[in-house]
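Step one of this worksheet: look at the structure below.
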Amino acid sequence: MHQARSTVQWQAMEKAHHLAPFCHYQQLQAKGPRIIKSAKGVYLYDNDGNVILDAMAGLWCVNLGYGRQELIDAASRQMAELPYYNLFFQTATPPVIELSSQLAALAPAALNRVFFTGSGSEANDTVLRMVRHYWACLGQPQKQVFISRHNAYHGSTVAGASLGGMAPMHRQGGLPIPGIEHIAQPYWFAEGGDMAPDDFGIWAAEQLRERIDSIGPEKVAAFIAEPIQGAGGVIVPPDSYWPAVKKVLADYDILFVADEVICGFGRTGRWFGSDYYDLKPDLMPIAKGLSSGYLPIGGVMVSDKVALVLIERGGEFYHGFTYSGHPVCAAVASENLRLLDSEGWVERAGKQIGPYLQKRWRELAEHPLVGETRGVGMVAALELVKDKSARSRFDSKGSAGALCRDLCVENGLIMRAVGDTMIISPPLIFTEAHVDELISKTHRCLDLTLKALRA
Ligand code: PXG
């Protein structure tokens with residue numbers, strides 16, 4: 001156990017010895033990080049005793065909230081029985097087999113098998129290698145190209161960041177790697193121009209057809225997409241988008257990968273975003289909510305169509321991680337799924353608390369700073385604008401968003417800013433009272449942001 005130190009002491013040590021992920025180092029050196037010390041339910045407690053409502057569920061993952069004793073006990077039991085063993089060389093462990101069969105029962109129809117990883121990024125690296133291997137097994141090794149979307153997030157490893165469509169990430173380290181192409185995202189608010197949302201959705205879906213045709217269908221391996229883009233700014237596509245994409249996919253022999261790292265495990269009010277949009281993925285990367293973030297675990301759910309080719313024709317698949325299916329992570333994930341299911345949290349997100357959150361969130365649209373509110377189930381966004389009808393921003397650098405985010409933290413609320421888009425993804429255990437607290441704090445912070453912007 002670490003010893004008690006003052007916030008200033010923690011910050012000095014952090015500055016001297018830690019490099020944080022996704023961090024502007026010079027800015028953090030000047031300011032010092034927030035020190036989060038403990039958490040319970042939906043609240044975080046910092047080192048100075050401030051209480052903060054966590055409307056991001058950590059980083060989109062603590063679906064069951066903090067401090068669930070059953071998850072702690074599951075980890076400690078498994079630690080004592082078998083803290084580690086690997087799955088290489090024809091071995092398996094009970095928690096991994098148990099979790100695999102639970103996942104197969106929960107996942108959309110044909111996804112009956114799972115390859116475990118330590119994270120969502122590793123899951124997408126696995127997707128890239130598995131899909132290319134699949135086509136090679138079928139005698140079509142030239143089918144290599146992945147089509148993804150601008151502003152998608154698929155992780156931070158080389159393949160994950162390449163599959164993702166984040167331009168600032170691509171600029172660091174010479175990405176994307178070859179064989180990955182990006183098409184338009186279905187982000188009507190920012191990119192829809194004068195088109196009606198549904199016309200824009202169909203236009204964006206047609207970009208997929210055009211790109212497949214221009215690459216040549218014989219070279220295209222897969223289309224990868226988040227059902228709702230998360231890190232890109234909770235981009236809920238127009239209603240027309242997914243039905244139109246499904247039509248395009250039906251016309252070609254390419255695989256469809258639904259990245260469920262954020263949408264999975266109840267976020268949309270259904271078990272998976274693919275259930276919400278009635279998608280039929282061939283592969284489905286998962287992570288985050290799989291263990292409610294208590295321990296790192298991810299994986300790729302694989303359809304019978306793909307798995308049977310790998311099994312019958314694939315020979316050895318030269319891929320895997322020391323911590324693929326770590327038994328303690330698997331035991332915690334397994335207990336997490338059991339609790340999500342037996343306590344009805346996903347159904348509650350879909351039928352009770354999700355609709356309440358969405359209803360109250362929409363009220364924020366009346367605020368002079370808010371150009372749009374949107375969301376599904378337990379994930380939502382609002383757009384900060386200078387001019388509502390023109391959908392215009394304050395500036396191009398997202399300074400209004402950063403200002404609003406900092407004011408939120410100062411006022412006891414974690415909400416994330418993606419540019420000038422404010423986003424939330426609260427734990428599924430939010431009550432109506434938590435939603436009310438979120439809305440009133442957000443309202444207050446929007447007022448403070450507006451005041452600061454006018455000053
Ligand atoms: N796919 C999706 C859809 C994700 O959202 C990953 C893959 C990668 O997962 P790992 O476990 O490797 O992080 C993610 C992760 C943010 C933020 O700022 C979002 C993620 C990660 C870090 C920051 O919103 N999503």
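Quick notes on this one:
- Out of Leu28, Leu19, one residue alone is modelled with pLDDT under 95 and either within 16 Å of the ligand (Cβ to nearest atom) or among the charged types (D, E, K, R) (or both). It is Leu28.
- Filter result for Val234 (within 16 Å of the ligand (Cβ to nearest atom), aliphatic (A, V, I, L, M) and at positive phi): yes
- Beta carbons closer than 8 Å, at least 6 apart along the sequence or on distinct chains, pair a first residue in region 284-311 that is within 13 Å of the ligand (Cβ to nearest atom) with a second that is acidic (Asp, Glu) for Met284/Asp259; Met284/Glu260; Pro285/Asp259; Pro285/Glu260; Ile286/Glu260; Gly298/Glu122.
- Residue selected from region 414-439 under the condition open to solvent by 30 Å² or more (accessible area, probe 1.4 Å) and of a type in the set (D, E, K, R), by the criterion nearest to the ligand (Cβ to nearest atom): Arg416
- Count of region 300-324 residues, restricted to those that are open to solvent by less than 20 Å² (accessible area, probe 1.4 Å), out of contact with any Gly (no Cβ under 8 Å at 6 or more places or on another chain) and not aliphatic (A, V, I, L, M), is 2.
- Only one entry of Ser156, Ser148 meets the criterion of being open to solvent by less than 30 Å² (accessible area, probe 1.4 Å), under 26 Å from Val302 (Cβ atoms) and in contact (Cβ under 8 Å) with a residue 12 or more places away in the chain, and that entry is Ser148.
- Subset of region 183-205 (residues that are in a loop (DSSP other than H, G, I, E, B) and either open to solvent by 10 Å² or more (accessible area, probe 1.4 Å) or closer than 16 Å to Ala152 by Cβ (or both)): Ala184, Gln185, Pro186, Tyr187, Gly193, Asp194, Met195, Ala196
- Screening Tyr318, Tyr276 for residues that are more than 16 Å from the ligand (Cβ to nearest atom) and either on the phi > 0 side of the Ramachandran plot or of a type in the set (Ser, Thr, Tyr) (or both) leaves exactly one candidate, Tyr318.
- Within this structure, Leu448 passes the test of being within 17 Å of Leu364 (Cα to Cα), without any contact (Cβ under 8 Å) to a residue 60 or more places away in the chain and open to solvent by 40 Å² or more (accessible area, probe 1.4 Å).
- Taking the criterion of being surrounded by fewer than 16 Cβ atoms within 10 Å (Cβ to Cβ) and either within 16 Å of the ligand (Cβ to nearest atom) or closer than 14 Å to Ile424 by Cα (or both), the only residue of region 37-69 that qualifies is Leu59.
- Boolean, Leu428 is within 29 Å of Glu191 (Cα to Cα) and of a type in the set (A, V, I, L, M, F, W, C): no
- Restricting region 217-244 to residues that are within 25 Å of Asp420 (Cα to Cα) and acidic (Asp, Glu), the residue that is farthest from the chain's Cα centre (by Cα) is Asp239.
- Of all residues making up region 237-270, the number that are among the β-branched types (Val, Ile, Thr) and either closer than 19 Å to Pro141 by Cα or away from the ligand (no atom under 16 Å from the Cβ) (or both): 4
- Residues being more than 16 Å from the ligand (Cβ to nearest atom) and open to solvent by 50 Å² or more (accessible area, probe 1.4 Å) - total across region 111-135: 2
- Selection within region 136-150 - out of contact with any helix residue (DSSP H, G or I) (no Cβ under 8 Å at 6 or more places or on another chain) and within 16 Å of the ligand (Cβ to nearest atom): Arg149
- Here Arg209 fulfils each of the conditions (1) open to solvent by 20 Å² or more (accessible area, probe 1.4 Å); (2) in contact with a strand residue (DSSP E or B) (Cβ under 6 Å, 6 or more places away or on another chain); (3) farther than 25 Å from Thr373 by Cα apart from (2).
- Flag if Ala105 is surrounded by fewer than 21 Cβ atoms within 10 Å (Cβ to Cβ), under 24 Å from the mean Cα position of the chain (by Cα) and at pLDDT 95 or above: yes
- Note on region 212-231: residues that are closer than 18 Å to Arg374 by Cβ and buried (at least 24 other Cβ atoms within 10 Å of the Cβ) amount to 6.
- Remark: Tyr323 matches the filter, which requires a residue to be out of contact with any helix residue (DSSP H, G or I) (no Cβ under 6 Å at 6 or more places or on another chain), at pLDDT 95 or above and part of a loop (DSSP other than H, G, I, E, B).
- For region 215-226, the set of residues classified as outside any loop (DSSP other than H, G, I, E, B) and in contact with a strand residue (DSSP E or B) (Cβ under 9 Å, 6 or more places away or on another chain) consists of Ile215, Lys219, Val220, Ala221, Ala222, Phe223, Ile224, Ala225, listed by residue number.
- Sole residue being out of contact with any helix residue (DSSP H, G or I) (no Cβ under 7 Å at 6 or more places or on another chain), away from the ligand (no atom under 15 Å from the Cβ) and modelled with pLDDT of 95 or more, chosen from Glu210, Glu181: Glu210
The values are calculated or read from the model by the stated rules, or taken from the named source; none is laboratory data. What you see is a predicted model; the values in this text were computed from it and never measured. Here Cβ is always computed from backbone atoms with ideal geometry, including for glycine, and neighbour counts include all displayed protein chains. Just so you know, the surface numbers come from the protein's heavy atoms only, side chains and all, with ligands and any DNA or RNA stripped out. Shrake-Rupley method; radii C 1.70, N 1.55, O 1.52, S 1.80 Å.
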